[in-house]
Amino acid sequence: MRVTSAILRSEAAATNARAHFGDGYEAWARRHGLQDWEGFFSGYDETVYGAVLEDVCEADTVLDLGAGDLRLALRIADLAERVYAVEVNPVLVAGALDAIGLDLPRNLHVICANGLDVTVPPGVTMAVLLMRHCRHFEVYVERLVEAGCPRLVTNARWGMGVETIDLTQPPVAFDQVREGWYACRCGATGYVGTGSRPLGRAIEVASCPRCGESEMVGNQG
Ligand SMILES: C[S@@+](CC[C@H](N)C(=O)[O-])C[C@H]1O[C@@H](n2cnc3c(N)ncnc32)[C@H](O)[C@@H]1O
């Protein structure tokens, strides 16, 4: 199958040649404000990708932010109406496109740019942010909500694994959480209370103590 062989070639290109970390990397990372691990490419495992792929519908227009060597974007393109894949590292994108060659699917739009500089394209129904070390979660969420994107699949909030966030639901005020885990739109996570609900699903909040807009009530996060 054409897409499968394109994925394998894209993965092989990224695995074999680590040129995207080569000479000039530090200056490039500085230019883009990429700190620590933020500019590092590393693919995730099948559990992570599976969690994304099972959420994709035929009618979806997907925005993949930090698409790396396009290995996931190619698979999403097989399932969705359209995919916009945004990746900041030109060496990585060049290697992936070279490996994919003329097998590049028509519905996969590759954008080599900093995700912070890219407007959310119209009609995006699902965003993917698989970027463990992302420092701009809040900015992306704000822009996606503003653009009317209904859901975000991400692993960017520490301790949350891969989660699908329903962006159509307004987050609750942090002060209303009495007991349990919370996950904030700023990207912070934590626990409020005595620890009596260690296994409950995290409550989606806005303005947690880390955002500095709410008073800290028994926060342990
Ligand atoms: C850990 S890798 C994951 C790649 C891909 N999401 C995957 O799961 O296979 C994170 C990627 O995000 C890219 N990235 C980091 N900051 C970015 C930004 N501001 N705009 C676009 N891409 C970015 C990095 O260059 C890297 O390729």
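Results, tabulated for the structure shown:
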{"read-out": "In the range 72-90, the residues that are in a loop (DSSP other than H, G, I, E, B) and small (Gly, Ala, Ser)", "value": "Ala80"}
{"read-out": "Residues of the range 37-58 that turn out to be outside any helix (DSSP H, G or I) and within 11 Å of the ligand (Cβ to nearest atom), as a count", "value": "9"}
{"read-out": "First in the range 40-56 and within 22 Å of Glu81 (Cα to Cα) and of a type outside the set (A, V, I, L, M), second anywhere and at pLDDT 95 or above and near the ligand (Cβ under 7 Å from one of its atoms), Cβ under 7 Å, 6 or more apart", "value": "Tyr49/Leu72"}
{"read-out": "Meets criteria (assigned to a loop (DSSP other than H, G, I, E, B), surrounded by fewer than 19 Cβ atoms within 10 Å (Cβ to Cβ) and in contact (Cβ under 8 Å) with a residue 12 or more places away in the chain) for Glu11", "value": "no"}
{"read-out": "Some residue of the range 168-189 being within 16 Å of the ligand (Cβ to nearest atom), buried (at least 17 other Cβ atoms within 10 Å of the Cβ) and over 13 Å from the mean Cα position of the chain (by Cα)", "value": "no"}
{"read-out": "Strands (runs of 3 or more DSSP E) within the range 147-201 that include 2 or more residues in contact (Cβ under 8 Å) with a residue 60 or more places away in the chain", "value": "151-154"}
{"read-out": "Residue within the range 91-108 that is outside any helix (DSSP H, G or I), within 26 Å of Gly161 (Cα to Cα) and in contact with a helix residue (DSSP H, G or I) (Cβ under 8 Å, 6 or more places away or on another chain) present", "value": "no"}
{"read-out": "Matching entry among Ala127, Ala99 (being within 15 Å of the ligand (Cβ to nearest atom), hydrophobic (A, V, I, L, M, F, W, C), assigned by TED's automatic domain parsing to the domain that holds Val48 and more than 15 Å from Asp64 (Cβ to Cβ))", "value": "Ala99"}
{"read-out": "Scope the range 121-146; condition in contact with a strand residue (DSSP E or B) (Cβ under 8 Å, 6 or more places away or on another chain) and outside any loop (DSSP other than H, G, I, E, B); matching residues", "value": "Met126, Ala127, Val128, Leu129, Phe137, Tyr140, Val141, Leu144"}
{"read-out": "Some residue of the range 59-78 being free of Cβ contacts under 8 Å to residues at least 60 places away in the same chain, within 11 Å of the ligand (Cβ to nearest atom) and surrounded by fewer than 21 Cβ atoms within 10 Å (Cβ to Cβ)", "value": "no"}
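The values are calculated or read from the model by the stated rules, or taken from the named source; none is laboratory data. All values derive from a computational prediction rather than experimental measurement. Neighbour counts run over all protein chains shown; Cβ positions are idealised from the backbone, glycine included.
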